[in-house]
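Working notes, structure below.
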Amino acid sequence: MQMNESREIAAPRAQVWQALLDPEVLKKCVPGCQEMTGSAADGFEATVVQKVGPVKATFKGSVTISDVVEGESLTLSGEGKGGAAGFAKGEARVTLADSDAGTILTYDVEAKVGGKLAQLGSRIIDGFAKKMAEQFFSSFQNAVEGPAEPGETPDGETDGEAPAKKGWLKRLVSN
Amino acid sequence: MPKDHGIGASPKRREDVRFLSGTGNYTDDINLNGQAYVHFLRSDVAHGRIDRVDTAAAAAMPGVVRIFTGADFEGVGGLPCGWQVTDRHGQPMAEPGHPVLAQGKVRHVGDPIAAVVADTYEQARDAAEAIELDIEELPAVVDMKAALRDGAPKVHDDLAGNLCYDWGFVEENREAVDKAIKEAAHVTTLELVNQRMVANPMEPRVAVGDYNRATGDHTLYTTSQNPHVIRLLMGAFVLGIPEHKLRVVAPDVGGGFGTKIFHYAEEAFCTFAAKAVNRPVKWTSSRSEAFMSDAHGRDHVTKIELALDAENNFVALRTDTHANMGAYLSTFAPSVPTWLHGTLMAGNYKTPLIYVNVKAVFTNTVPVDAYRGAGRPEATFQLERVIDKAARELGVDPVALRRQNFITEFPYATPVAVEYDTGDYNATMDKLIEIGDFAGFAARRAASEAKGKLRGLGVNCYIEACGIAPSNLVGQLGARAGLYESATVRVNATGGLVVMTGSHSHGQGHETAFPQVIAEMIGIDESMVEIVHGDTANTPMGMGTYGSRSLAVGGSAMVRATEKIINKAKRIAAHLMEASESDIELKDGQFSVAGTDKSVAWGDVTLAAYVPHNYPLEDIEPGLEETAFYDPSNFTYPSGAYACEVEVDPETGRVTIERMTAADDFGNIVNPMIVSGQVHGGLAQGIGQALLEGCVYDENGQLLSASYMDYAMPRADDLPFYTVDHSCVTPCTHNPLGVKGCGEAGAIGSPPSVVNAVVDALQSAGRDVTHIDMPLSPARVWAALQG
């Protein structure tokens with residue numbers, strides 16, 4: 001399946017770029033990620049737990065970053081093996097461009113599943129993949145810019161702590 | 001008055017007592033002392049090169065007995081193909097190897113790579129997850145036409161391409177057919193798909209292998225329609241076990257529909273592994289596994305052209321079919337699109353010139369083989385759809401066009417190599433029109449239209465070749481086995497009989513119907529006859545059950561053996577009554593001397609045979625047991641006419657079947673209730689194909705329809721009450737019972753009438769719809785309505 005979306009992030013392009021290459025950010029943003037090691041240069045090893053329809057599985061796999069145009073675009077490729085559940089593969093071409101409010105992030109995703117995931121989940125896999133991509137990039141947005149305002153976080157929760165308005169990444173990088 | 005016993009009666013099925021009370025003995029009910037369980041690690045890619053299979057970590061897992069990979073089967077034979085087709089140019093088909101466990105490459109999702117034998121099934125499954133596997137995924141071919149293009153990925157590297165064979169039939173007719181079509185007054189052309197089906201018997205496949213180290217005897221318990229065939233194929237071609245050291249048992253089997261004919265890797269594996277680990281080894285398929293390892297059915301893509309003269313007589317027929325073989329050749333796969341399909345293209349019609357071209361293609365999909373009807377539904381669907389389209393193009397009544405072209409004189413030699421012995425196609429059509437109440441259709445359509453629905457009536461005929469044999473003919477056609485049937489009739493001292501038949505019952509009701517025949521012949525109660533089947537240790541070598549052959553071929557063998565019994569019993573009776581053998585008559589279980597009041601009972605004679613105190617031992621051997629092998633001289637040709645009435649909701653495209661009517665000529669009928677049941681089941685499967693079922697792969701060869709969430713089996717509320725009739729009888733002329741076979745008719749005869757009915761409904765609303773491919777899902781019908 002294929003999909004593409006773009007979203008505007010209220011942060012300068014250099015900061016968004018830096019975040020894209022940060023394993024800590026990726027770990028926080030990949031939905032269901034339990035573990036991530038490695039580096040942008042050598043690739044990451046990841047363990048992700050996900051449930052697709054009736055199939056719940058632990059995927060062990062790798063994420064590599066390629067086709068890097070510094071500060072502008074890169075390709076994130078991931079492949080996870082879920083044992084009896086089958087496998088999932090995906091590639092996201094991510095492009096950054098300056099905008100009035102900060103940065104426009106555009107992603108072009110192609111995803112593929114196989115084995116039991118395809119056999120049992122094919123009807124729901126498109127919706128699932130779309131949801132995963134949305135979750136990833138909205139977590140990413142939050143990580144970079146922090147939730148816009150209290151009460152406007154995606155899950156509607158507010159946090160009494162004032163610093164929560166800042167993204168944890170902002171806190172991290174501003175230290 | 002209907003008969004209450006013997007041939008023509010409808011006693012309740014005696015086997016149903018155990019099937020309906022949970023006391024059947026299915027293969028999965030068999031558990032042997034010390035048994036281990038196997039789980040197969042199957043490919044989740046459609047095509048790939050196996051770079052590494054590392055079982056070390058998995059082998060250390062709890063309970064693991066041993067892990068097998070392709071390497072363990074080097075030097076072991078592959079799964080054999082039982083039918084060789086010769087192509088248009090006289091060359092044998094491409095016949096790739098079919099290893100028990102994948103060697104070097106995986107070729108479809110579900111291809112077994114490794115097998116874990118463990119103390120429990122759960123331990124085997126867990127350990128399979130720990131096998132480290134490196135498979136380099138290769139581009140897959142799924143679409144048949146794409147598979148034949150230059151540069152397409154090759155399923156088998158050692159073959160020239162993905163073409164299994166290019167078959168022409170009858171090749172000598174090719175030019176004459178081309179010429180006739182070119183010169184015809186009218187040609188109707190139709191391109192259609194007969195979609196891939198999954199048989200889905202209620203009982204998944206199971207195998208239990210056992211080995212006796214003391215005697216060297218192997219036993220395989222398996223869900224098979226033909227245990228002797230499995231013994232021959234597996235013993236002789238795969239594992240090299242002589243038949244006297246190999247017993248194959250197919251106990252109660254919960255439905256086959258063709259998919260349990262074939263010899264599968266799991267059977268060979270369990271037999272092999274039981275010796276290797278010195279423990280019984282059991283495999284029970286999960287439903288998900290069944291979807292990707294049971295042979296699939298159908299999967300033909302066809303272009304058919306019907307040429308008519310100015311008077312609407314059929315003058316020529318030409319077809320161009322691509323038939324999917326899947327990744328390997330299943331046991332009888334090559335025969336299905338050829339000899340079981342091309343020979344039926346004449347249908348019920350006197351078309352003088354026919355040419356059938358079939359290209360069989362390897363793809364990265366589960367192997368395809370016979371499924372209820374096997375080739376004949378594909379032939380019938382094409383022919384009856386194109387005739388319907390021709391009638392609509394020509395503005396003539398579809399029934400009248402069919403009648404005009406019916407074969408009416410028998411025997412009739414078709415231009416596609418078979419000779420129909422008997423039939424009366426007008427009689428079944430008349431019966432159909434009567435019991436289907438065609439006269440009331442206009443009023444029913446008006447009533448449907450009044451509530452905003454469209455109503456359509458579709459009709460089709462069918463003919464099938466059943467009772468497969470004759471062996472000398474099928475041998476010429478490429479079969480690598482004989483196709484006779486066998487029966488041993490053993491009479492006990494007190495008069496009861498046991499019939500050991502080579503046929504196999506997996507839902508057909510042999511245990512009830514076969515005794516009716518013997519009871520009729522001898523004049524005794526059916527309860528005195530017991531049927532034994534399914535065990536190579538206690539039945540004579542037989543070829544099993546498929547192609548609606550059990551009664552026509554197996555029943556005939558039983559009749560022949562019983563005739564021998566009666567002849568011998570008459571000699572004994574003659575001795576007991578001091579009469580001439582030629583004067584002895586047998587009626588109602590009594591032997592009497594013609595013209596006298598002298599008689600002895602059946603039981604007196606059978607007792608004398610085993611307690612031969614007063615017995616002509618110098619002339620006759622004691623005992624009363626006879627075996628017969630029967631090989632028919634021709635196929636049988638059941639035929640019929642079917643009608644379907646549908647209602648279509650134009651808002652949603654949903655089709656509901658309002659009436660389904662079947663008028664069949666099965667020749668003589670032994671048990672009308674069982675025959676009706678067989679037709680009902682076939683209709684359900686035919687309607688399932690027409691409206692609901694379909695196996696779907698994505699372009700990467702991933703199987704997308706591998707559960708009942710995605711593969712739509714027909715349910716009770718998808719099906720109407722059926723009107724079935726089998727009172728039109730033209731007995732088969734060449735078997736002793738005059739029977740033709742009824743097992744597949746419903747599945748062959750129903751899909752075209754359903755599609756014809758939906759097209760009729762849509763055309764009644766002024767839509768220019770000439771064809772919709774099956775399954776006729778609401779989405780497809782709705783799209784057709786939008787035009």
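What follows is calculated from the coordinates using simple rules that are stated; it is not laboratory data. This structure is a prediction, so every number in the text was calculated from the model and none was measured. Note that we place each Cβ from the backbone using ideal geometry, even for glycine, and neighbour counts take in every protein chain shown.
Annotation: average projected area of chain B is 36.3 square nanometres, based on the convex hull of Cα atoms across all directions. Gyration tensor over the Cα atoms of region B:564-674: the corresponding equivalent ellipsoid has semi-axes (square roots of 5 times the eigenvalues, largest first) of 55, 16, 13 Å.
Across peptide A:109-118, the mean count of Cβ atoms from other chains lying within 10 Å of each residue's own Cβ comes to 5. In whole percents, the pair-distance distribution calculated for region B:212-355 from its alpha-carbon pairs, binned every 10 Å from zero, is 9, 31, 25, 16, 11, 6, 2, 0. Applying 1/(1 + (r/R0)^6) with R0 = 25 Å to the Cβ-Cβ distance of residue B:651 and residue B:450 gives a FRET efficiency near 0.95. Cβ crowding within 10 Å, taken as a proxy for footprinting-reagent exposure, orders B:120, B:494, A:103 from fewest neighbours to most as B:494, B:120, A:103.
For the cross-link pairs B:145/B:282; A:56/A:130; B:568/B:598; A:28/A:81, the ones whose C-alpha atoms lie over 28 Å apart are B:145/B:282. Cβ-to-Cβ counts within 10 Å put B:695, A:33 in ascending order as A:33, B:695, the fewest first.
Computed from Cα atoms alone, the Kirkwood hydrodynamic radius reported for region B:621-728 is 17.6 Å. Within region B:519-549, find all residues whose amide N lies under 13 Å from a label point positioned 7 Å from the Cα of residue B:14 along Cα-to-beta-carbon. Residues B:519-520, B:524-533 fall inside that zone.
In this simple spin-label model, placing a label point 7 Å from the Cα along the Cα-to-Cβ direction at both residue B:56 and residue B:439 gives a separation of 8.4 nm. Here region B:426-541 yields Rg over Rh of 1.23, to two decimals, using C-alpha coordinates and the Kirkwood radius.
What lysines does residue B:564 reach when the alpha-carbon gap must be under 17 Å and sequence neighbours fewer than 8 apart in one chain are set aside? Candidates past the 8-residue exclusion: B:587.
Label zone of residue B:537 (point 7 Å out along Cα→Cβ, amide N under 20 Å): in region B:627-643 this covers no residue at all. The alpha carbon centroids of region B:298-333 and region B:348-387 are separated by 5 Å.
Under a 5 Å amide H cut-off, with hydrogens placed 1.01 Å from N, residue B:531 pairs with B:499 among residues at least 5 apart or on other chains. Per-residue mean of foreign Cβ neighbours for B:43-51 is 2 (Cβ atoms of other chains, 10 Å radius). By the count of other C-beta atoms within 10 Å, a proxy for reagent exposure, B:739, A:63 are ordered fewest to most as A:63, B:739.
Per-residue ellipticity at 222 nm computed for chain B from its helices equals -7500 deg cm²/dmol, with DSSP H segments shorter than 4 residues left out and the rest contributing -39,500 (n - 2.57). In µm²/s, what is D for region B:34-154 at 4 °C and 1.567 mPa s, where D = kT/(6 pi eta Rh) by Stokes-Einstein and Rh is the Kirkwood radius from Cα pairs? Taking Rh from Cα pairs, D becomes 80 µm²/s.
Couplings for region A:73-82, taken from phi via the Karplus curve 6.51 cos²θ - 1.76 cosθ + 1.60 with θ = phi - 60°, read 7, 7, 10, 9, 10, x, 9, x, 9, x Hz in order; Gly and Pro are left as x. Under 22 Å of direct C-alpha separation, and excluding same-chain neighbours fewer than eight residues apart, residue B:275 reaches these lysines: B:245.
Listed by chain and number, the lysines whose alpha-carbon sits under 29 Å from that of residue B:453, ignoring those within fewer than 8 places in the same chain, are B:389, B:431. Tally Lys and Arg at +1 and Asp and Glu at -1 over the other residues with C-beta under 14 Å from the C-beta of residue B:732: what net charge comes out? Summing Lys and Arg as +1 and Asp and Glu as -1 gives -4. Less than 11 Å from a label point 7 Å out along the Cα-to-Cβ axis of residue B:286: which backbone N atoms in region B:109-128 qualify, by residue? B:122, B:125-126, by backbone N distance to the label point.
Here the simple spin-label model places points 7 Å from the Cα toward Cβ, and for residue B:618 and residue B:23 these points are separated by 5.1 nm. With only the Cα atoms considered, the protein assembly as shown has a convex hull volume of 213 Å³ per residue. Dividing the radius of gyration of the alpha carbons in region B:100-231 by their Kirkwood radius gives 1.11 for Rg/Rh.
Spatial offset of region B:23-82 relative to region B:758-784 amounts to 46 Å, using the alpha carbon center of each. If you wrap region B:564-605 in the convex hull of its Cα atoms and look at it from every side, the mean projected area works out to 2.5 nm². Of interest is the spacing of the C-alpha centroids, which for region B:489-560 and region B:399-450 amounts to 35 Å.
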